[in-house]
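The numbers here are math on the coordinates, done by the rules we state, and not lab data. The shown structure was predicted, so the numbers you read here are calculated from the model rather than taken from an experiment.
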Amino acid sequence: MIYYPLSVLMLAGIRDILVISSRDHSDSFRTLLGDGSRLGLNLSYAEQDQPRGIAEALVIGADFIEDDQVALVLGDNIFHGPRFSLLLDDALRRLDGAHLFGYRVSDPHRYGIGEMDLDGRLLSLEEKPAEPRSNIAVTGLYLYDNDVVGIAKNLSPSARGELEITDVNLAYLAQGRARMTELGRGFAWLDMGTHDSLLQAAQYVQLVEQRQGEWIACVEEVALNRGSSPPSSAGAWVRRWRARRTAPMSPRSPSAAVRYRPPTWRERRSCHDHSCSGDRRRRFHRLALRAHGAGPRRSGGRVDHRPGQADVRGQSRQPRRGAGAPGLLLRAG
């Protein structure tokens, strides 16, 4: 699941990322992601000993953030839509205060709801309102200036003993420095916070990847497209996959049809040879040529997203350590 929010930070041009997780999961993330050099990233790690709210990540990562802007994306959210990287770049360039992202929903009483004017200025913010003023839900993607660190440190715990991210947003709203961009038609925002929503998200990813033959949140491909992946690592494997995908069919099989199928368990194990972590265990597609009328191929491939909540924090600024901008990632669970 962590690849989805990680890809959002990468699409925003963020390369320096701090991963904050519980003690139970810290070693797993270190093993899975390493130092990030394979993807052209600089990954660091910290721990949150108790689940004391999303906003506590800003306190834990204060030394990492220093005097920079910061981006935050919840790790149990999937964002998928056209020209998403351009939207993120534009929001970061115009950032002055807080910038949120909204998505229209049919059941606004289940979400934090934001109301904005035609210029994108946030007018009101309510958490699970009985009578919502709009149907635009605030998603788990936030951009803040450096004032957010001081705001988070001065927060008081809520009734459930947590530092609420809604209180951070309300502080910016009171200052008149909160804006929101609506993710319109063609975008998909999926919250994987429950078992049912996790299943729905897995089915969405499966459908899109099988029908279009394209990956969702493939960090190797994002790194290659953004120019942050070393050619000898992830990028080399993606280029080989693209070459196979666009190769002409064999002249000996004039009736062959291009079909996509998920990998077998043997193919998934061989994924290590192509700089794609075998622990990732998520669906990707390989190109297969089959003659018309051939029977269905058996496959052990399946979507296997692990349940749990994750948060990603990222920040955008001029390069501090090598090429790219820094970021902060939190995985709570």
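Remark: the range 80-88, residue by residue, has Karplus-estimated 3J(HN,Hα) of 8, x, x, 6, 5, 5, 5, 5, 5 Hz, where x stands for each Gly or Pro and the curve is 6.51 cos²θ - 1.76 cosθ + 1.60 at θ = phi - 60°.
Using θ = phi - 60° in the Karplus curve 6.51 cos²θ - 1.76 cosθ + 1.60, the 3J(HN,Hα) couplings for the range 33-43 round to 9, x, 8, x, 4, 4, 9, x, 10, 10, 9 Hz; x is entered for Gly and Pro. Under a 5 Å amide H cut-off, with hydrogens placed 1.01 Å from N, Phe101 pairs with Thr139, Leu141, Thr181 among residues at least 5 apart or on other chains.
For the range 1-96, what class follows from the C-alpha gyration tensor (a ≥ b ≥ c being the square roots of its eigenvalues): rounded when a/c is under 1.5, otherwise prolate if a/b is larger than b/c, else oblate?
Working: a/c = 1.64, a/b = 1.34, b/c = 1.22.
Since a/c reaches 1.5 and a/b is larger than b/c, the shape of the range 1-96 is classed as prolate.
In order along the range 176-187, the phi-based Karplus estimate (6.51 cos²θ - 1.76 cosθ + 1.60, θ = phi - 60°) of 3J(HN,Hα) comes to x, 10, 10, 10, 9, 10, 8, 7, x, 4, x, 9 Hz; Gly and Pro are listed as x. Put simply, the amide H of Ala46, placed in the peptide plane, has neighbours under 5 Å in Val19, Ile20, Ser21, leaving out anything fewer than 5 places away on its chain.
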